[in-house]
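Asker: Sharing a structure, written as structure tokens. Questions coming.
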Ligand SMILES: Nc1ncnc2c1ncn2[C@@H]1O[C@H](COP(=O)(O)OP(=O)(O)O)[C@@H](O)[C@H]1O
Ligand SMILES: [Mg+2]
């Protein structure tokens, strides 16, 4: 029953593959032909000025935003297809938001457990064991029974990461996850993400933390006004940018 | 109990205040029946109106314009017409259209009794308000929270059930509280189609015992008590739903 024109995806092919992706909100064209390949296990960072379409770009990948033109393949599956099973896609692709967006009426542990129990219908006790392990992994042991409103921003964000990981995603999307945090708590969240990258999880990270991008990224994309201005290994893009726009942006943020 | 009955009999003889329902076994049984009928009307209508509210608010978020239009029409009709007219409409208007059966004396036996019509009518009346109340609660749930559920692969129903509704409920409990208190008091309208609830029974009793003031006093106390119990339960619920570190 699989569509004939799409050969089965194998891990040596890009796990995420964008081709000439375009998106407009009304008359505002936000993505003007984005093309990128992400290999399995790679960490890529997307940088660029505010309003350049970074959030829109990664929100297209888990179909929170529908694109107008182009193609997005996730593990060989076309996302820009009306027949796409969005829910199946979202089970594979985890997302962490700038504002954490935890479920405020549930404890930290329940937040981590909810989706595997409700969405994947997994056994509650087995999920709880895994959720407790995840709480340790993000170094929040002892905070299991706290409600989001009782946690600091950095702690909430780590719960949000654990909540995504509980679904055992193949790909993680991070949208400026440290932008709303105090400088001291930024480090603990970045440390958590760094660990995931080291574990070999595919991560697409939108960030303003240039030092972090330099350290963890295999590949950096600089976007401005809906286009990818340049991309390459972090030392090329962040230390020796070729494009004037990249230079101007980096001068501003560093 | 005999002490109570004796005291009320003495009260009548000494002062003329005639609370027949506390010493006359027949009146007592009648009023107990009326009280239980009011409780029954209230409890069933409250539960049904909550179901209607939750269902209606869910349907209002439908992608189909027709469905949204039907829910909107339902709300307009039941919110903008007097509940007494609604009860008459159902009982005399619709009730007589429905097929009936003949009972053993050859009399027409309607498909639904007046009690059932009262419950249907009251539930729809309060349910229409509940839809609006739940919708205002749903609108207060941040879009970003809903998005987080969607990103985790929740279906629309799953998001509604596990995220939107629990949060919306907390926002709209005070308004819900008001509407349910109103519903409990509105059950007296069933009087108009001869449902033997408290007001109806009280009227029958004062018709034969000429104790209008006493029956009225009793009704006031009984409703204060019933509403008090409802408010107590709602407040307990509100407290149980309070989230540490969230909101207010
Ligand atoms: N849902 C939306 N409706 C209308 N305009 C939007 C929407 N989402 C984003 N935009 C606009 O698209 C542009 C790019 O936004 P965004 O992708 O959030 O950029 P970034 O994350 O790089 O700051 C902005 O001008 C923003 O106002
Ligand atoms: Mg953004």
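Asker: Ranked by Cβ crowding within 10 angstrom, fewest neighbours first, how are A:253, A:229 ordered?
Answerer: Result, fewest neighbours first: A:253, A:229.
Asker: Taking every residue in B:239-245, how many Cβ atoms of other protein chains lie within 10 Å of its Cβ, on average?
Answerer: 4
Asker: Sticking with this structure for a sec: If r is the Cβ-Cβ distance from residue A:180 to residue A:28 and R0 is 35 Å, what FRET efficiency results, to the nearest 0.05?
Answerer: 0.90
Asker: By per-residue mean of other Cβ atoms within 10 Å, what is the highest-first order of A:58-64, B:78-84?
Answerer: Top to bottom by mean Cβ count within 10 Å: A:58-64, B:78-84.
Asker: Given the C-alpha centroids of segment A:199-236 and segment A:44-88, what is the distance between them in whole angstrom?
Answerer: 17 Å
Asker: Between rounded, prolate and oblate, where does chain A land on the alpha carbon gyration tensor, with a ≥ b ≥ c its root eigenvalues, rounded for a/c under 1.5, else prolate if a/b exceeds b/c?
Answerer: Since a/c reaches 1.5 but b/c is at least a/b, the shape of chain A is classed as oblate.
Asker: Still on this structure: Distance between Cα centroids, segment B:171-248 to segment A:112-135: provide it in whole Å.
Answerer: After rounding, the separation between the Cα centres reads 43 Å.
Asker: Right, another one. Given the rule -39500 (n - 2.57) for each run of at least 4 DSSP H residues, summed and divided by the residues of chain B, what is its mean residue ellipticity at 222 nm, to the nearest 500 deg cm²/dmol?
Answerer: Here the helix-only value at 222 nm equals -23500 deg cm²/dmol.
Asker: In addition: Counting only DSSP beta bridges with both residues in the protein assembly as shown, tell me the antiparallel percent, nearest 5.
Answerer: Antiparallel bridges make up about 55 percent of those DSSP assigns within the protein assembly as shown.
Asker: Using Cβ counts within 10 Å as a stand-in for footprinting exposure, how do B:41, B:213 rank, fewest first?
Answerer: B:213, B:41
Asker: Ok, one more. Run lengths n ≥ 4 of DSSP H only: what is the helix-derived mean residue ellipticity at 222 nm for chain A, with -39500 (n - 2.57) per run over all residues, to the nearest 500?
Answerer: Helices in chain A give a 222 nm mean residue ellipticity of -10000 deg cm²/dmol.
Asker: Among B:237-243, B:122-128, what's the highest-first ranking by average C-beta atoms within 10 angstrom per residue?
Answerer: Ranked from most to least packed, the peptides come out as B:122-128, B:237-243.
Asker: Sticking with this structure for a sec: When only Cα pairs under 8 Å and 6 or more residues apart are kept, what is the percent relative contact order across chain A?
Answerer: For chain A, the relative contact order is 25 percent.
Asker: Calculated FRET efficiency, residue B:144 and residue A:242, Cβ-Cβ r, R0 45 Å, to nearest 0.05?
Answerer: Calculated value: 0.75.
Asker: With each label point set 7 Å from Cα along the Cα-Cβ vector, what nm distance links residue B:7 and residue B:32?
Answerer: So the two model labels end up 1.9 nm from each other.
Asker: Still on this structure, please answer the following. Let me make sure I get this right: for segment B:65-163, a, b and c are the square roots of the gyration tensor eigenvalues over alpha carbons, sorted descending. Under 1.5 in a/c it's rounded, otherwise prolate if a/b > b/c, else oblate. Which is it?
Answerer: Prolate shape, in that a/c is at least 1.5 and a/b is the bigger ratio.
Asker: Given axes a ≥ b ≥ c from the Cα gyration tensor, I'd like to know whether segment A:90-145 is rounded (a/c under 1.5), prolate (a/b larger than b/c) or oblate.
Answerer: rounded
Asker: Right, another one. Do me a favour and compute the ellipsoid semi-axes for the protein assembly as shown from its Cα gyration tensor, root of five times each eigenvalue, largest one first, whole Å.
Answerer: Working from the Cα gyration tensor, I get semi-axes of 64, 26, 19 Å.
Asker: Per-residue Cβ counts within 10 Å, from other chains only, averaged over A:93-102: what number is that?
Answerer: Mean shielding count: 4.
Asker: Ok, one more. Going by average Cβ density within 10 Å per residue, which order do the peptides A:168-175, A:111-118 take, highest to lowest?
Answerer: Highest-to-lowest ranking by the protection proxy: A:111-118, A:168-175.
Asker: Any idea what % of Cα-Cα pairs in segment B:49-99 are farther than 13 Å?
Answerer: It works out to 66 percent of all Cα pairs.
Asker: Evaluate the relative contact order of chain B (contact order divided by residue number), counting alpha-carbon pairs under 8 angstrom at least 6 apart; express in whole percent.
Answerer: With pairs under 8 Å counted, the relative contact order is 25 percent.
Asker: Averaged over its residues, how many other protein chain Cβ atoms are within 10 Å of peptide B:151-161's Cβ atoms?
Answerer: Counting other chains' Cβ atoms within 10 Å and averaging over B:151-161 gives 6.
Asker: For residue B:59 and residue B:108 in one chain, what is 0.36 nm times their gap in residues minus the Cα-Cα distance, to one decimal in nm?
Answerer: Additional length available on full extension: 13.8 nm.
Asker: Moving on. Given chain A, what percent of its DSSP beta bridges are antiparallel, to the nearest 5?
Answerer: That works out to approximately 55 percent antiparallel.
Asker: Continuing with this model, one more query. Going by how many other Cβ atoms sit within 10 Å of their own, how do A:129, A:12 line up, fewest first?
Answerer: Listing A:129, A:12 from fewest to most nearby Cβ atoms yields A:12, A:129.
Asker: Multiplying the sequence separation of residue A:66 and residue A:81 by 0.36 nm and subtracting their Cα-Cα distance, what value in nm do you get?
Answerer: 4.5 nm
Here, each number is a calculation from the coordinates, and none is a lab measurement. Model, not experiment: these values are computed from the prediction. Here Cβ is always computed from backbone atoms with ideal geometry, including for glycine, and neighbour counts include all displayed protein chains.
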